1. Using alpha carbon coordinates only, what is the Rg to Rh ratio of the chain, with Rh defined as the Kirkwood radius?
2. If we count other beta carbons within 10 Å of each Cβ, what is the order of LEU284, LEU92, fewest first?
3. Per DSSP H run of at least 4 residues, take -39500 (n - 2.57); add these up for the chain, divide by its residues and hand me the 222 nm value, nearest 500 deg cm²/dmol.
4. Estimate the FRET efficiency between VAL395 and LEU276 by the formula 1/(1 + (r/R0)^6), using the beta-carbon distance for r and 22 Å for R0, to the nearest 0.05.
5. For region 153-248, state the semi-axes of the equivalent ellipsoid (square roots of 5 times the eigenvalues of the alpha-carbon gyration tensor), sorted largest first and rounded to whole angstrom.
6. Give, as a single signed number, the net charge of other residues whose beta carbon lies under 14 Å from the beta carbon of ALA398, with Lys and Arg counted +1 and Asp and Glu -1.
7. For ALA107 and ILE52, what does the FRET efficiency come to when R0 = 22 Å and r is the distance between their Cβ atoms, rounded to the nearest 0.05?
8. With just the Cα atoms defining each centre, how far is region 36-79 from region 257-280? Give it in Å.
Amino acid sequence: MERSRFFDAFRSPRVWLLVALGFASGLPLALTGTTLSAWMTNSGVDLKTIGIFTLVGLPYSFKFVWAPLFDRWAAPWLGRRRGWMVAAQLALMAAIAVMGSLEPRVAPFALALLAVIVAFLSASQDIVSDAYRTDVLEEHERASGTATFVLGYRAAMLVSGALALVLSAFLGWHAVYWLMAALMGAGVVATMLAPEPAATRPPRTLAAAVVEPFVDYFRRDGAVLVLAFVVLYKLGDAIAGGMLTPFLLKTGFTNVEVGTLQKGLGLGATIGGTLLGGGLVARLGVRRALFLFGIAQATTNVAYLALALAGKNHLLLAVAITVDNVCGGLGTAAFVAFLMSLCNKRFSAFQYALLSSASSVGGRLLGAWSGFFAERWGWPLFFAGTIAIAAPALVLLAFLRGDAASPPAPLPPAADPAPRSG
């Protein structure tokens, strides 16, 4: 019975369609980030300009600002979720192709504008695809759907990152960007084939789409404690992750060694851990999985602590990276499933965007001080501290009721049809 539940979580076709939707979400990221930086470097653009181009990624950090638009209005085709996904994907195909027709040294400002447009469209696609997964997946499919989505997302980052760099040596950068634009078609096909979530009553006005999600969430029992848990759950991992590469380089590992193990071994371990987590969450339940995987996430930093004490050791590094990424994948599957469970389907675009932003804000703020902590305490105490930081979230989880911050049952669309304007 338990074994059957593990595999049942992956049996629905809609779970596997999310591989292609994850691919479409992950593909544009590097094209406005590391891959674009490589193209500009090859073209002889100065470092100051390349540095300024990092700002084009800002839309990803502020996507919650326009998320209410996708809760309020439905596209005139394919429904409230799929319609906006297809629109974003087709627009991305066009924008990435136009990027590929430009020359960085000749038209840097035009390229910057196109990169911002691509980042905005990509962030918009992320908003709607997150809402789509929240709305369409059954409770027992949320973790497995997260796993297949992450599989596609990571594969896309590899394609638009490492593979794009390799192909640029043979095809040239223009052809590489045109190829990446064509590959966005995988998302369009998958979205057309995917089922539309059951209709729910949208907010009546744009103002309601902004205000009602807050009111809906904070009037639930235990809402503040659950929000505190969301902020704290990945905190130790985020702080440790920000200093991991400097730690490894200062320990004596080369760029090639770090890159090969982190990007190669780490990528496979993350995908494997997330897929494993997708099945285990269905067997264990979300809360039990969050607790067990949270402990696993925290204790993986013991391996880095051991590496800090032992010094350069390739076997220990391989073990640390494998265990860290497998357990991180397990935690991600459970945590994203939990975030989905907190969203009211009337406002899932806005609520998911806000909750996912809340989950990263603590890591960003404390991560800014992580270098100070590492210099002051030394690496062994630094990693010991990241293990201890995981404790408050697990204590909170132990005391939260099972139905804490649960959303109300969705209202049928017929109960209050919303006008198209307003």
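1. Ratio value, two decimals: 0.97.
2. Ascending Cβ contact count within 10 Å gives the list LEU284, LEU92.
3. Values: 24 runs with 309 residues, N = 422.
One gets -23000 deg cm²/dmol as the mean residue ellipticity at 222 nm.
4. Computed FRET efficiency for VAL395 and LEU276: 0.30.
5. Values for region 153-248, descending: 38, 27, 11 Å.
6. +3
7. 0.90
8. Taking the Cα centre of region 257-280 as reference, the centre of region 36-79 is 26 Å away.
Only the coordinates and a few stated rules stand behind these numbers; no lab work does. Please read these numbers as outputs of a predicted model, since none were measured by experiment. In this analysis, Cβ positions are derived from the backbone assuming ideal geometry, glycine residues included, and neighbour counts consider all displayed protein chains.
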